[in-house]
Amino acid sequence: MSNYLIECSGVRKEFRSEAEILEILSGVDLALEKGVRASITGPSGCGKSTFLSILGGLDRPTSGRVIVGGVDITEADEDKLAVFRAREVGFVFQFHYLLNDFTALENVMLPAFMLTGDKAASVEKAYGLLEAVGLGGRMSHVPARLSGGERQRVAIARALVNEPGLILADEPTGNLDRASAVQVEDLLYGIAADSNTTLLVVTHDNGMAARADRRYELLNGRLKES
Amino acid sequence: MRSAPVLFVASRFFLGRSDAAGSRDQARKALAGAVLSVALSLVPLITVMQVADGMIQGISARYVELGTYHAEAFPYASGDLMGALEAARASPGVDGAWLETQSVGVAFANGSREGVSVRGVEQGFLDSSSTREYLQVEYGEATLEKPYDALVGAAMAEKLGVAPGDSINLISVRKSYDGAFLPRVTMLTVRGVVSAGYRDLDAQWLFMRQDTAARVMPKESSRSFIGIKAGNPFENVNAARDAVVGRLPPGFAVYSWRELERNLFESLASTRTMLLLIMAVTVAVAAVNVASALTTLVQERRQEIAVMKSLGATPGDLARIFSFGGAVIGGMGAVVGAAGGLLASVRINEILSLLERIVNGSRRAFYAVTGGATTEAYRVLDPEYYLQTIPVDVPYGEILVVVVATITLSFVAAIGPASRAAALSPLEAFRRR
Ligand SMILES: Nc1ncnc2c1ncn2[C@@H]1O[C@H](COP(=O)(O)OP(=O)(O)O)[C@@H](O)[C@H]1O
Ligand SMILES: [Mg+2]
């Protein structure tokens, strides 16, 4: 067993349309040990989200190898990828992507409930996580009745419920006011440190990027440490 | 995903929460519409199923109790009718056995003329309780006391314009040895006007005494036989036949009522099947509504479906969520529709007479205004062909089959949208809004 949580090499990604072939990633290599907190910056449209989608098993590279948590996700089929996403990865996005018809508590417990089928245990876990992100009083609120910062904290709690090895955060503070952004930033870095979870955060915020153990920049389809 | 989370997610996707964000009501309206269309398609299906059953039951009962008996024993060669009658009456389980002589003739009265089916029957047959249950005496009485007494069916009496006490000339024709036709006139006195409640029968029957019929009707166009009743002819079709078979003197063939009226019952049953097939098409159309409502739902929920996938739901999980939802929609529609259909058919006689009253009332109003002449009253079901009142009989087993079939159909209709949901890319969630 390698001591890297993420190992990817030669990751290329092209988008083909009738008119042209767009090469977004042209050979990305990255190796991150367990518990490392890393940040990626780069100009808009350079392929940061695309790269995160590939690491999280939401999209497949055109070529290259990606191994996350010991799972070769370039070879996995849809069902295997689903299990991988449930166990290994927690996503936090710029938009919260909470489910509208579910309360905060239900949103957080759902990934655990889906994975284990044990409702009581899932609810208990979700309860603890919502307390931890400071939303103990908002359990039964639907997303429509939460502020932007609160929604993002619910999304963080949801990303953590299955105790994943990797948290992928794509501009998690991009939509928040300054105060909420600081709260979310503290939460992500704090939780990753406390639980020895690998964190990969894409951000335009230099302050947030600077707090990472390792900083990367994506430029011209390649990743370089800075 | 296990079943519990599938149910949990499906219930939220389909029912939603009143306090949830956004008014993505398009799909919910479509879903409610789909439930309603399934329900509405089942109402006529269940009603026809049930009313047709009731009608077939009612018509069959009249044919069996008044026409064919439960079984008939025919002499061939030189069967001993009187001996067979004694033997049939003495057979265990037999409720009654009577001689009958049937023939055909033409009845004249008041200048009108009608072909009649002459039934020479025994008073005992007319008096038996199962006969009286279905044969209503409209005027006079159902007794054939004197040799030339007669009873006529209500529709026949109407056509001939006769009432109790009136005379009818019954003309039969016999072929002589040299081939000439010899008419014979028998003058009968109407003692009663009777009705089976079924026009077909009431329009052709003329009852007279069996002994008189055997004497006056030409042998070559008459047939005499023994009619037998035993037990419930619908519970055991062959009860009457089996009761006497082997007990009659040699020279008799015994047929059950179903054998005797095979064509009639087959045509009733196939008419019912035809109607049900037509109605089943409307259920199939409703299933298309289920499919299109689910397609709307999947379309509206693209992003949430993709989010579910990013949280670890498999394609199979999503397929189960939506196909289960389709089955539930079908089930709700089926239960509501079956209840509506049952209610409609329990009240079918009232509904039809209300319909007739509305139509006739508005027609009268129309003619009152226009000054036109009122034509014959409108009947939803022409009594010429149907029973005047429809007996109601609930076929629970068949209703259950229909409900289960509807749920299955909705489930099948959901497979398309469900597999579209299953195939949706998780990246769908993160496309620009
Ligand atoms: N499915 C797709 N088809 C075609 N082009 C795409 C697709 N997804 C992303 N792109 C393009 O790839 C480039 C990188 O996108 P993205 O990874 O979202 O950039 P970033 O997150 O760094 O802003 C953009 O130019 C975008 O338009
Ligand atoms: Mg991006």
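Among residues belonging to segment A:7-25 that are closer than 21 Å to residue A:220 by Cβ and away from ligand 1 (no atom under 16 Å from the Cβ), point out the one that is most open to solvent (accessible area, probe 1.4 Å). Ranking the qualifying residues of segment A:7-25, first place goes to A:9.
Based on this model, can you work out whether residue A:156 counts as within 28 Å of residue B:13 (Cβ to Cβ), touching a Gly at 6+ places or on another chain (Cβ under 6 Å) and away from ligand 1 (no atom under 16 Å from the Cβ)? Spelling it out, it is not the case that residue A:156 is within 28 Å of residue B:13 (Cβ to Cβ), touching a Gly at 6+ places or on another chain (Cβ under 6 Å) and away from ligand 1 (no atom under 16 Å from the Cβ). Taking every residue in segment A:192-204 that is within 18 Å of residue A:6 (Cβ to Cβ) and within 14 Å of chain B (Cβ to nearest Cβ) and pairing it with any residue that is within 16 Å of ligand 1 (Cβ to nearest atom) and acidic (Asp, Glu), at least 6 positions away or on another chain, the pairs with Cβ-Cβ distances below 6 Å are A:202/A:170; A:202/A:171. Here residue A:37 meets each of (1) away from chain B (no Cβ under 13 Å); (2) modelled with pLDDT under 95 with one exception, condition (2).
Here residue B:182 meets the list (1) assigned to a strand (DSSP E or B); (2) touching a residue at least 12 places away in the same chain (Cβ under 8 Å) almost entirely, failing just condition (2). Could you tell me which residue of segment A:83-100 is farthest from the other protein chains (Cβ to nearest Cβ), considering only residues that are open to solvent by 30 Å² or more (accessible area, probe 1.4 Å) and assigned to a helix (DSSP H, G or I)? Among those that are open to solvent by 30 Å² or more (accessible area, probe 1.4 Å) and assigned to a helix (DSSP H, G or I), it is A:88. Selection within segment A:164-187: residues that are open to solvent by 30 Å² or more (accessible area, probe 1.4 Å), of a type outside the set (A, V, I, L, M, F, W, C) and part of a loop (DSSP other than H, G, I, E, B). The member of this set that is farthest from ligand 2 (Cβ to nearest atom) is A:177. Based on this model, can you work out whether residue B:194 counts as open to solvent by less than 60 Å² (accessible area, probe 1.4 Å) and in a strand (DSSP E or B)? Considered against the rule, which asks whether it is open to solvent by less than 60 Å² (accessible area, probe 1.4 Å) and in a strand (DSSP E or B), residue B:194 comes out as yes. When each of B:280, B:313, B:286, B:306 is tested for being over 30 Å from residue B:189 (Cα atoms), more than 14 Å from every other protein chain (Cβ to nearest Cβ) and open to solvent by less than 10 Å² (accessible area, probe 1.4 Å), the lone residue that passes is B:286. Are there any strands (runs of 3 or more DSSP E) wholly within segment B:56-170 with 3 or more residues that are more than 17 Å from residue B:211 (Cβ to Cβ), and if so which? Strands (runs of 3 or more DSSP E) meeting the threshold: B:71-75, B:96-109, B:112-121, B:136-140. With respect to the conditions (1) out of contact with any strand residue (DSSP E or B) (no Cβ under 6 Å at 6 or more places or on another chain); (2) near ligand 1 (Cβ under 10 Å from one of its atoms), residue A:42 lacks only one, and its number is (1). All conditions in (1) more than 16 Å from ligand 2 (Cβ to nearest atom); (2) open to solvent by less than 20 Å² (accessible area, probe 1.4 Å); (3) within 14 Å of another protein chain (Cβ to nearest Cβ) hold for residue A:60, with the sole exception of (2). Looking only at residues of segment A:188-202 that are open to solvent by 30 Å² or more (accessible area, probe 1.4 Å) and part of a helix (DSSP H, G or I), we find that the one that is nearest to ligand 2 (Cβ to nearest atom) is A:191. Scanning segment A:107-127 for residues that are more than 8 Å from chain B (Cβ to nearest Cβ) and either open to solvent by less than 40 Å² (accessible area, probe 1.4 Å) or aromatic (Phe, Trp, Tyr) (or both) gives A:107, A:108, A:109, A:112, A:122, A:126, A:127. Of the residues making up segment A:36-54, not a single one is within 16 Å of ligand 2 (Cβ to nearest atom), open to solvent by less than 50 Å² (accessible area, probe 1.4 Å), part of a loop (DSSP other than H, G, I, E, B) and touching a Pro at 6+ places or on another chain (Cβ under 9 Å).
Only one of the numbered conditions (1) within 14 Å of residue A:4 (Cα to Cα); (2) touching a residue at least 24 places away in the same chain (Cβ under 8 Å) is violated by residue A:72, and that is (2). When A:24, A:73, A:67 are checked against the criterion of being of a type in the set (Val, Ile, Thr) and within 16 Å of ligand 2 (Cβ to nearest atom), A:24 stands alone in meeting it. Kindly indicate whether any position in segment A:66-73 is within 16 Å of ligand 1 (Cβ to nearest atom) and at pLDDT 95 or above. Yes: one or more hits.
The values are calculated or read from the model by the stated rules, or taken from the named source; none is laboratory data. All values derive from a computational prediction rather than experimental measurement. FYI the Cβ positions are ideal-geometry reconstructions off the backbone, even for glycines, and counts take in every protein chain you see. Note: areas computed on protein heavy atoms with side chains; ligands, DNA, RNA excluded. Shrake-Rupley method; radii C 1.70, N 1.55, O 1.52, S 1.80 Å.
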